[in-house]
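Below is one structure; the comments refer to it alone.
FYI, it's all coordinate maths here, none of it is from the lab. Quick caveat: nothing in here was measured; it's all calculated off a predicted structure. Note that each Cβ is placed from the backbone with ideal geometry, even for glycine, and that neighbours are counted across all protein chains shown.
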Amino acid sequence: MIEVLAKLGRGPVFLAGEVLECVITFTNPLSASSTSASSEMLAWASAQIHCQFHASENRVALPPSDGSKHDVQAENETVFVPNRGERGQCILSTPPKILFCDLRLDPGESKSYSYCETLPVDGPPSFRGQSVKYVYKLTIGCQRVNSPIKLLRVPFRVLVLHGLKDYQFPQDEAVAPSNPFLEEEEGLKKDSRLADLATELLMVATSRRSLHLYNISNTRGKVGTFCIFKTVYKIGEDVIGTFNFSEGDIPCLQFSVSLQTEESIQEEFQRRRGQSISFTVHARHQESCLHTGQSSFSLPIPLSSTPGFTTNIVSLKWRLHFEFVTSGESAETCLVRGSQSEAVTWTGVEQMEVDTFSWDLPIKVLPTNPILASYVSQFSSTNSITI
């Protein structure tokens, strides 16, 4: 028996273009009955990264896959096929790397191997939507002599920030920011600089603030104004906006604001022409606001959500969806006097005419630092199997 343990050193979330590093440890556990004859042998081990794509048959019409022309040996259990047994199509993969050949482990002995691979920058982000899914995995294949291959899959999340692949690092390392107290290998140094560059680009893109003021009105007149100071955010940030109903001519009885994503399939891949867009609500604020002069809301963008992106098959966009309930009468008629005594009590009317309308405001949502996203990831940094 051999235990195989795979550990992602920095966490299970990465930016496209970063170097994924995984330490894979093979151990022959020591037991009370272990003898010199209890040594274990592995013929070889290999590792490879792939992205698996799966689409809903009810919503997506895909062209015939080239995967139907795969090698006939792929059905053989002694051939390393990372996505064997998984649903969907493998749309992206890195070249397989051999970790070792002919490994012998005595009882209680263990050996570790480091696997490093740069994540492709031209792939889609990790995404689990209502119509499509993009899932990234690192697969480690191990085989004993004359035995089937055993696969250890390590799922991880990929965030895509456009513009990183076109950035050229300066040739003069002396002008590049560095930490003099740390000695890093060249690959790790460039990887950390890539993450620092992404953090800087995101900070610049999401820190720009300017007043965006919108008039809220229906067919009968002005309801109020809405104010927001930026429309570009990172996942993990809060979307904050304010309302001013004091200058409105039409009383607003209630409003709600939903933070939503809209998942749309490109026209050439739609199962039915003109099929509806899929919406997902990530946060919602609702408030009764009759006789309220000003109000505000704060909606958090979950760190586990997917930033906006577009591929040849699907597009994901973010928006704020507003719904307003307004009175069909003036503000004075929304209250009635309940007593003629000196102590006046005002109560709401039992029935009144209302109007409803909605409004959508597009916003842009970008990735964040992958280390921050790792704190809430559903994936584990450590995975293991026994063979």
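With an a/c value of 1.5 or above and a/b larger than b/c for the gyration tensor axes a ≥ b ≥ c computed over the alpha-carbon atoms, the stretch 200-245 is described as prolate.
When peptides 225-237, 11-23 are sorted by average Cβ neighbour count within 10 Å, with the highest value leading, the order is 11-23, 225-237.
At 0.36 nm per residue, and after removing the present C-alpha to C-alpha distance, how many nm does the segment from Lys364 to Val204 gain when stretched out fully?
Values: separation 160, 0.36 × 160 = 57.60 nm, distance 1.40 nm.
Separation in residues times 0.36 nm, less the Cα-Cα distance, equals 56.2 nm.
May I ask you to derive the FRET efficiency for Val19 and Ser298 from their Cβ-Cβ distance with R0 = 35 Å, giving the value to the nearest 0.05? Before the final figure, lay out the partial values.
Working: r = 37 Å, r/R0 = 1.04.
After rounding, the FRET efficiency stands at 0.45.
Among 245-254, 111-120, what's the highest-first ranking by average C-beta atoms within 10 angstrom per residue? Before the final figure, lay out the partial values.
Details: 245-254: 18.0, 111-120: 15.7.
Most protected by this proxy first, the peptides run 245-254, 111-120.
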